[in-house]
Amino acid sequence: MLPAGLGAPVALGPEALPDDAVICSCHNVTKGEVTPLSSLPEVKKCTRAGTGCGSCVKTLEKLLPKTGDGGLCDCFAHTRQELYEIALALRVGSYRRLLDEHGRPQARGGEGCEICKPAVASILASLGHGHILDGEQAALQDTNDHFLANIQRNGSYSIVPRIPGGEITPDKLIVIGEVARDYGLYTKITGGQRIDLFGARVDQLPVIWARLVAAGFESGHAYGKSLRTVKSCVGQTWCRYGVQDSVKMAIELELRYRGLRSPHKLKSAVSGCARECAEAQSKDFGVIATANGWNLYVGGNGGATPRHADLLAQDLTDNELVRLIDRFLMFYIRTADRLERTSVWLERIEGGLKHVKDVVVNDSLGICDELEALMATHVSAYRDEWAETVEDPERLARFVSFVNAPGTPDPTVRFVPERGQIKPELPVLALEVAAR
Ligand code: SF4
């Protein structure tokens, strides 16, 4: 839909929107309020745009004047892609070394910033430099990665065990129910076919995870920019229409790519036939069964800017499918910008889908062996972050509400009942009162 008054054809972007177009719907901020300002921090401070769900931040950045030289941030003149190549080629395994040897002259010896620290942490994790809470890596992580859990609005955390392919035994379901009951957690089934447990205090995370790990669960990485889930329909095993075993394939893919750190989160799904019950075409990489094998789709996305995935290859065998996904994911991780989903990357990268197809299917750059080797290294080096954490007193020491009173729970994390479970007790905001 073109804004009123504009003729076609027009390259539609935020620049083409009228001044009264709402950019931040959380705080009802229009384009006209944003464009006189000069930086994102200024926009956030003056209008509160970008401080709600955050989905408008990319649009805000497009509306603001372009500054700088295209570098990642004030600390690095290199892009994320260049930093990845430096870390890979020169075997740089620490943020300190990357900053001191390849940062801007004025940033060397400094502490870095909130843009480059998580971006470099992600690069180092993608290249397999150990547990993310060890050594200097711990200080680079965002809040969620810092505690291997997702912080919620009252300061409590949520816990998401991995349930590969959405398949779970009754015994494991019972364990989740018992843990939730014993710690009074709110339980909800997620869109990714797993179970989210909400309402844990930070000091409860290790004991809860110790029980889950003992029952055979592992981190679902819901807190990380990494693979989330590979959804599946029941496929040929149960469904009369199925032509392949979609559950088996989804489990194989989820176990292969679990823990893979990437520029943004990765979602996937496998459908057992063209009816597409698992919605594979809305995923970063989606698989649909055919009578002859599998079709692979890439670059799909739900969220604020939905995008149907593009077909990358057809009628693949199991091995061909896995090999192509290995290459696709590693090429994306290598070349995407920070916080860039596959959908945006596919549209931004020069040559688009055709180029990506040439690289990962036809090996036009001659890098496929390297991409496959990088993935093989990831697969063989994978360890469950929570299993390793609950065994290590040093890593566990961070899970306290107050560093100077480690045994004291945070008294401000409180709950009230709702529909037979708990919900956060929040202060009633003046705004909410006004809205009633
Ligand atoms: S996608 Fe096909 S195989 Fe899977 S549940 Fe739906 S109809 Fe059945």
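Accessible surface area normalised per residue over segment 138-221 is 40 Å², counting heavy atoms of protein chains with a 1.4 Å rolling probe. By the helix-only formula, in which each DSSP H run with n ≥ 4 contributes -39500 (n - 2.57) and the sum is divided by residues, the chain has a 222 nm mean residue ellipticity of -10000 deg cm²/dmol. Roughly speaking, what is the centre-to-centre gap between segment 383-408 and segment 15-86 when only Cα atoms are used, to the nearest Å? Cα centroid to Cα centroid, the span is 36 Å. Share of pairwise Cα-Cα distances greater than 42 Å in the chain is 17 percent (whole percent). Our estimate of slack between residue 423 and residue 347, defined as 0.36 nm per intervening residue step minus the Cα-Cα distance, is 23.4 nm.
Each Cα pair of segment 347-436 feeds into the Kirkwood radius, which the Stokes-Einstein equation turns, at 37 °C and 0.692 mPa s, into a diffusion coefficient of 166 µm²/s. For segment 96-138, the Kirkwood hydrodynamic radius comes to 10.9 Å, computed from all pairs of different C-alpha atoms. Given R₀ = 35 Å, FRET efficiency for residue 51-residue 292 by Cβ-Cβ distance, to 0.05? Computed FRET efficiency for residue 51 and residue 292 comes out at 0.10. Largest accessible area first, the residues 257, 241 order themselves as 241, 257 under a 1.4 Å probe with ligands, DNA and RNA left out. Could you give me D for segment 36-124, from Stokes-Einstein at 25 °C and 0.890 mPa s, where the hydrodynamic radius is the Kirkwood radius over C-alpha pairs? Units µm² s⁻¹, please. After rounding, the answer is 171 µm²/s. Only protein heavy atoms count here; on that basis, with a 1.4 Å probe, residue 279 has an accessible area of about 100 Å².
Rounded to the nearest percent, how much of the accessible area of segment 175-219 (1.4 Å probe, protein heavy atoms only) is carbon and sulfur? Its accessible area is 55 percent carbon and sulfur atoms.
Counting other Cβ atoms within 10 Å of each Cβ, which GluC sites (Glu not before Pro) in segment 72-157 have at most 11 and sit in a DSSP loop?
Here the sparse-neighbourhood loop sites are 111, 114.
For the set 383, 348, solvent exposure ranked by accessible area (probe 1.4 Å, protein chains only) runs largest to smallest as 383, 348.
Residues in segment 278-398 average 44 Å² of solvent-accessible surface per residue, probe 1.4 Å, ligands and nucleic acids excluded. The value of relative contact order for segment 155-306, using C-alpha pairs under 8 Å at least six residues apart, is 20 percent. For segment 310-317, putting each phi into the Karplus relation 6.51 cos²θ - 1.76 cosθ + 1.60 with θ = phi - 60° gives couplings of 9, 6, 9, 7, 10, 6, 8, 6 Hz, in residue order, rounded to whole numbers and with x for Gly and Pro. Straightening the chain between residue 134 and residue 362 buys 78.2 nm, computed as 0.36 nm per residue apart minus the Cα-Cα spacing. The slack between residue 376 and residue 85, meaning 0.36 nm per residue of separation minus the straight C-alpha distance, is 102.9 nm. So for segment 294-362, what percent of the C-alpha to C-alpha distances run longer than 14 Å? Value for segment 294-362 (Cα pairs over 14 Å): 57 percent.
For residue 403 and residue 115, a Förster radius of 22 Å and the Cβ-Cβ distance give a FRET efficiency of 0.25, rounded to the nearest 0.05. On the principal axes of its alpha carbon atoms, segment 279-425 extends 59, 38, 33 Å, with the longest extent given first.
What chymotrypsin sites (Phe, Trp or Tyr not before Pro) in segment 386-431 are in a loop by DSSP, with at most 14 other Cβ atoms within 10 Å of the Cβ? Filter output for segment 386-431: 402. Averaging over all projection directions, the Cα-based convex hull of segment 151-195 occupies 3.5 nm² in the image plane. Shown here for segment 286-368: GluC sites (Glu not before Pro) in loop regions (DSSP other than H, G, I, E, B) with at most 16 other Cβ atoms within 10 Å, namely 350. Measuring with a 1.4 angstrom probe and ignoring ligands and nucleic acids, residue 367 comes out at about 30 Å² accessible. Overall size of segment 105-234 from C-alpha positions, given as principal axis extents largest first: 58, 33, 25 Å. Between residue 240 and residue 317, the C-beta separation translates, for a Förster distance of 30 Å, into a calculated FRET efficiency of about 0.80. The residues of segment 66-108 present an accessible area of 55 Å² per residue when probed at 1.4 Å with all protein chains retained.
The values are calculated or read from the model by the stated rules, or taken from the named source; none is laboratory data. Since the model is a prediction, treat every value here as computed from it, not as a measurement. When we count neighbours, we look across all protein chains shown, and the Cβ atoms used for this are built from the backbone with ideal geometry, even at glycine. Note: accessible area is taken over every heavy atom of the protein model, side chains too, but ligands, DNA and RNA are not part of it. Shrake-Rupley method; radii C 1.70, N 1.55, O 1.52, S 1.80 Å.
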